[in-house]
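Every read-out reported here was derived from the displayed coordinates using simple, explicitly stated rules and does not represent laboratory data. This is a predicted model, so every value here is computed, not measured. With ideal geometry, Cβ positions are generated from the backbone for all residues, glycine too; neighbour counts draw on all protein chains shown.
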Amino acid sequence: MFDQGRLHISAAAIALAAGMAQPAFAQSESQQAERATSQPPAEIIVTAQRREENLQDIPIAATALSGDNLDAKAVQSVEDLQYAAPSISITDQGLTQSVNIRGIGIASGSPAVANGVATYLDGVFQPPILTSSSFYDVASIEVLRGPQGTLVGSNSTGGAIFVNTVDPTTDRIKGYGKAHYGSYDSVGVEGAVNLPVSETFALRVAGLTRWRDSYYEDLGSFDNEPDSLDEQAVRLGAMWEPGALRVLGKVEWIDKNTGGYAYRPIAGTAFENARTDDIRELTYNAPTLNHERAINASLELNYTLDSDIVLRSITGYTNKRINNLYDSDGALAPSATQVQDQFVRERQWTQEINIISPTDGDFNWIVGGYYQKNKIDVIIQSRTGDFVADPTDIVNYQDKLTLGAFAQMGYFLTPALELQLGARYSHYSVDSTGSVTIGSEGPVFGPNGLVVADLAGDHEDGRATGKVALNWTVNDDNLIYVFAARGYKPGGANNATSEFGPETVWDYEIGWKANLFDNHIRTQVGGFYMDYSDFQFDAIDPVTGQSGVVNIANATIKGLEVQAQAVFGGFSFDGGIAYVDSSLDPVTIVNSRALPSIGQLGPQCAAGTPSNPPVCFDYGPFLSVAGGGSNLFSPEWSYNAGAQYEFFLSDEASLTPRINYAFVGSRWTNLFYNPDLDLLDGRGLLSAMITLRYNDWMIEAYGTNLTDEEYVSGQSGNNEFYGAPREFGVRASVRF
């Protein structure tokens, strides 16, 4: 484990350096005064609307972070964005992370369910698995709140996240190198180099490698190391720009091992006696594994016509694979051993075409088309107890197709008032095959086992979405906007006889963006009311006896969001706060926690037939009314704030202490709203760092979760996950 004494030594060294530099500090007082009066917050440029635009000038509720801000805000992966942007919550569910914005996103681990918050990497939509890889060589991250039904399309009922990595350039050889060492023997090295091959062609190579010991001790005989880290990633980018044509291609390889997921039985469930008093102690009696691999590739073509109209094409391919081994119950009792071997693979091909007008006239527009093909393979084998000849085999193969056509236009009714209209039509279809089989190769049901559920099915739907907005530029420092927007997420099939419908949402918003105090403070304020229909949620499907997806009729969501950034000389501040109030309609579903724990129960018995698992089971006595409360994964309050002061030691050196605090309120994870089982308590996390810069060199001492908050970060079935403990470290970097 990391020796905290080293941190004290490093901090003392920085303080000593500051003291030795006092004469230089005195000599630069006039320069500090000049900085104090002349330096506003840096412009925030976003590209989510297919153009490079200032965040203050567009009618969207959004948070944008530059790549340089990620370390300062302690953002290392998608999960950390909930501590840097209001209204976003990310709940750990093992294989997937439930990303929700304003309580809308994904509340299901089923491969049949689409994202509700679309995540893009360099313009390419990302499937929901493997969202936990670390950020490196990032140019910017944009978090858009509310449905983005025009330009993003059918997977953005909650919002969208755009991760943009650094592009190659032809100006010069440049890059960076970074290394860190911290608690739990955390070691990491990353870097990038930009290589201009000619005046029109450039390459950029970036890479990352990280290791960390587990936060947990496994008390079982297998001595697993779940939630450790062994991660490598490499990205190669190439850019060719001979004139009006710009070609940009990127290929990335990711390999990540964590030793398995770390979880414990929830208090009040069947195996709660396996828990110790220490959340960092696990009670597994089976081997665990989590190995994730991914290939991400994108090719963007931009051609600018003489009229300044841009023709844009972006082609994407992803291939993501995960192997998992679980001790499903997290318990040491031999008779209760539940082992699950899981393989998930998702391949995706995407193509988007845009025609983009210039913006120097009264009328501007974008038209485009979209194609997406997904192939998903899920293979799961579960075994209970020592009777290994009685496994449960689940196989599910899905082919999904998404098509879209869209257009957005803006017209200035007056020099200050713009009317904006957007429309999109999305078409979706899915075909699936698969089955649930028990007892294969066993003496009871023979070599082929007993098929207890047929997972074959198909589904098709489509919806029109879009936006109408009025944007009033009051003056150079103030923008006021109002709009109504509609978003949509497709439905799917649980099996041949059970389908679930799409989700839709209408969003009504008003917002104000302002530059105050001679542009030293920038604010973004917005209020919203959302009418949300057919919320998709996991529940037992009595037709098959397997977990499926059902729709809840309606929900309403309303709230307020405020963000601000300020710079006054060496002092800077940033923060945001959100209030979200939601209400779901009631629904009648099977209470899966009340079902007997005897393995596969089978489909619903015919009327008058008694239960005979696994041939059939009567689910009638276990139907209960759920819902009727707030939306799932939706904290009522969330806020974050960060402040720093840069002391200029000389023209070449500075010392900057920074502190961050983020709070994410409590949220429900299950429609039965059991406060002992289904409520994730809110938590507030404190982090700090102190940075010494000298020209292009930098050394930082940092600490995260400084109060060592112990909190539940998510749930899956009857198990719960936990957030990271307090960590300290030192990071050094250089730019060239």
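GluC sites (Glu not before Pro), restricted to the stretch 139-241: which are DSSP loop and have at most 10 other Cβ atoms within 10 Å? Write out the running numbers ahead of the final one.
Values: sites: 142, 190, 199, 217, 231; in loops: 199.
Sparse-neighbourhood loop GluC sites (Glu not before Pro): 199.
Tell me, what is the percent relative contact order of the chain, built from C-alpha pairs under 8 Å that lie six or more residues apart?
Numbers: 2176 pairs, mean separation 91.2, N = 736.
Relative contact order for the chain comes out at 12 percent.
How charged is the neighbourhood of residue 548? Take every other residue with its Cβ under 10 Å from the Cβ of residue 548, and add Lys/Arg as +1 and Asp/Glu as -1. Don't jump to the answer; show the numbers that get you there.
Values: positive: none; negative: 499, 538, 541.
Charge balance in the 10 Å sphere: -3.
Checking the cross-link filter: which lysines have an alpha carbon closer than 19 Å to that of residue 558, excluding same-chain neighbours under 8 positions apart?
Leaving aside lysines fewer than 8 places away in the same chain, those within reach of residue 558 are 467.
Give me the net charge for the shell around residue 320: Cβ to Cβ below 9 angstrom, other residues only, Lys and Arg +1, Asp and Glu -1. Provide the component values of the computation, followed by the final result.
Details: positive: 293, 321, 345, 347; negative: 292, 346.
Charge balance in the 9 Å sphere: +2.
Only loop residues by DSSP count here, and only those with at most 16 other Cβ atoms within 10 Å; note down the trypsin sites (Lys or Arg not before Pro) in the stretch 170-231 that meet that.
On the way: sites: 172, 174, 178, 204, 210, 212; in loops: 172.
Of the trypsin sites (Lys or Arg not before Pro), the ones in loops of the stretch 170-231 whose Cβ has at most 16 other Cβ atoms within 10 Å are 172.
Based only on Cα atoms, what mean projected area does the convex hull of the stretch 313-456 have, in nm²?
Working: hull surface 53.1 nm².
For the stretch 313-456, the mean projected area of the Cα convex hull comes to 13.3 nm².
Name the chymotrypsin sites (Phe, Trp or Tyr not before Pro) in the stretch 231-322 that are in a loop by DSSP and that have at most 13 other C-beta atoms within 10 Å, would you?
Values: sites: 240, 253, 261, 263, 271, 284, 303, 317; in loops: 261, 263, 271, 284.
Answer by residue number: there is no such site.
Show me, for the stretch 615-625, the HN-Hα J-couplings you get by feeding each phi into the Karplus relation (A = 6.51, B = -1.76, C = 1.60, θ = phi - 60°), rounded to Hz, glycine and proline as x.
5, 6, 8, 8, 8, x, x, 9, 6, 9, 7
Per-residue HN-Hα couplings for the stretch 347-359, Karplus 6.51 cos²θ - 1.76 cosθ + 1.60 at θ = phi - 60°, whole Hz, x for Gly and Pro?
Computed from phi, the couplings for the stretch 347-359 are 10, 9, 10, 10, 8, 10, 10, 10, 10, 10, 7, x, 10 Hz.
Once label points are set 7 Å from the Cα along Cα→Cβ at both residue 234 and residue 291, what is their separation, rounded to one decimal in nm?
Each label point lies 7 Å from its Cα, and together they span 1.9 nm.
Can you list the lysines whose alpha carbon is less than 30 Å from that of residue 375, not counting same-chain residues fewer than 8 positions off?
250, 256, 320, 400, 489
Given the alpha-carbon gyration tensor of the chain, what are the semi-axes of its equivalent ellipsoid in whole angstrom, ordered largest first, with each equal to the square root of 5 times an eigenvalue? Please report the intermediate quantities before stating the final value.
Working: eigenvalues 375, 209, 120 Å².
After diagonalising the Cα gyration tensor, the semi-axes are 43, 32, 25 Å.
Kindly express, to the nearest 10 degrees and within the range 0 to 90, the angle between helix 29-38's C-alpha long axis and the longest C-alpha principal axis of the chain.
Roughly 60 degrees, rounded to the nearest 10.
At 222 nm, what value in deg cm²/dmol follows for the chain if DSSP H runs of at least 4 each add -39500 (n - 2.57) and the sum is divided by all its residues, to the nearest 500? Kindly include the intermediate steps, with their values, before the conclusion.
On the way: 4 runs with 37 residues, N = 736.
Rounded to the nearest 500, the figure is -1500 deg cm²/dmol.
What does the extension gain come out to for residue 280 and residue 311, with contour length at 0.36 nm per residue minus their alpha carbon separation?
On the way: separation 31, 0.36 × 31 = 11.16 nm, distance 5.38 nm.
Computed gain between residue 280 and residue 311 is 5.8 nm.
Viscosity 1.567 mPa s, temperature 4 °C: Stokes-Einstein D of the stretch 467-575 from its Kirkwood Cα radius, in µm² per second?
Values: Rh = 17.2 Å.
My calculation gives 75 µm²/s for D.
List, in order, the whole-Hz ³J(HN,Hα) value for each residue of the stretch 499-511 obtained from phi through the Karplus relation with A = 6.51, B = -1.76, C = 1.60 and θ = phi - 60°; use x for Gly and Pro.
10, 10, x, x, 8, 9, 8, 9, 10, 10, 9, 9, x
Within the set of other residues whose C-beta is less than 14 Å from the C-beta of residue 410, count the net charge using Lys and Arg as +1 and Asp and Glu as -1. Before the final figure, lay out the partial values.
Working: positive: 50, 51, 467; negative: 53, 57, 360, 362, 418.
Overall, the nearby charge balance is -2.
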